[in-house]
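See structure below.
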Amino acid sequence: MMVDVIKVLDHEKSRDTLSYSHRATVEMKNPVNLADPQAVSRFAFETAIRVHYHPAGYGMWHVGVKQVADGLYEVSWCSMTSCD
């Protein structure tokens, strides 16, 4: 399971009126299959949880994952600014 092998190295967010745009640099021991939409979604979901923006509360859209080096990924997504 990904939970034990993801390490978030950096997380930045910028605010728009009602949403945040996030970008995280993530180290992953096992490669992410970027051709598998479900694997990409799970990886991005777990990354959002690790930076305390759980998609169940804040939402998650415009998800993107790209590999920037061996075992290093950039994950981007948008979320609401509040989970109320």
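With respect to (1) within 14 Å of the chain's Cα centre (by Cα); (2) under 19 Å from SER79 (Cα atoms), the lone exception for ASP16 is condition (1).
Checked against the criteria, VAL68 counts as surrounded by fewer than 19 Cβ atoms within 10 Å (Cβ to Cβ) and either of a type in the set (A, V, I, L, M, F, W, C) or touching a strand residue (DSSP E or B) at 6+ places or on another chain (Cβ under 6 Å) (or both).
State all residues of the stretch 51-84 that are of a type in the set (D, E, K, R), farther than 17 Å from SER41 by Cα and either within 14 Å of the chain's Cα centre (by Cα) or at pLDDT 95 or above (or both); if no residue qualifies, say none. Matches in the stretch 51-84: none. The set of residues from the stretch 18-39 being aliphatic (A, V, I, L, M), touching a helix residue (DSSP H, G or I) at 6+ places or on another chain (Cβ under 9 Å) and closer than 23 Å to MET80 by Cβ comprises ALA24, VAL26.
Take the stretch 40-56 and flag every residue that is out of contact with any helix residue (DSSP H, G or I) (no Cβ under 8 Å at 6 or more places or on another chain) and surrounded by 14 or more Cβ atoms within 10 Å (Cβ to Cβ). Once the filter is applied, which keeps residues that are out of contact with any helix residue (DSSP H, G or I) (no Cβ under 8 Å at 6 or more places or on another chain) and surrounded by 14 or more Cβ atoms within 10 Å (Cβ to Cβ), the stretch 40-56 yields VAL40, SER41, ALA44, THR47, ARG50, VAL51, TYR53.
Restricting to the stretch 13-39, and then to whatever is of a type in the set (Val, Ile, Thr) and modelled with pLDDT of 95 or more, can you tell me which residue is surrounded by the most Cβ atoms within 10 Å (Cβ to Cβ)? So, considering only residues that are of a type in the set (Val, Ile, Thr) and modelled with pLDDT of 95 or more, the one surrounded by the most Cβ atoms within 10 Å (Cβ to Cβ) is VAL26. Of all residues in the stretch 59-73, those that are under 17 Å from ASP10 (Cβ atoms) have Cβ atoms under 7 Å from Cβ atoms of residues that are at pLDDT below 95 and part of a strand (DSSP E or B), 6 or more apart or on another chain, in GLY71/MET28; TYR73/MET28. Filtering the stretch 72-84 for residues that are acidic (Asp, Glu) and loosely packed, with under 10 Cβ neighbours inside 10 Å leaves a non-empty set.
The values are calculated or read from the model by the stated rules, or taken from the named source; none is laboratory data. Given the structure is predicted, the values throughout are model-derived calculations rather than measurements. Quick reminder, even Gly has a Cβ in these numbers, built from the backbone with ideal geometry, and neighbours come from all protein chains shown.
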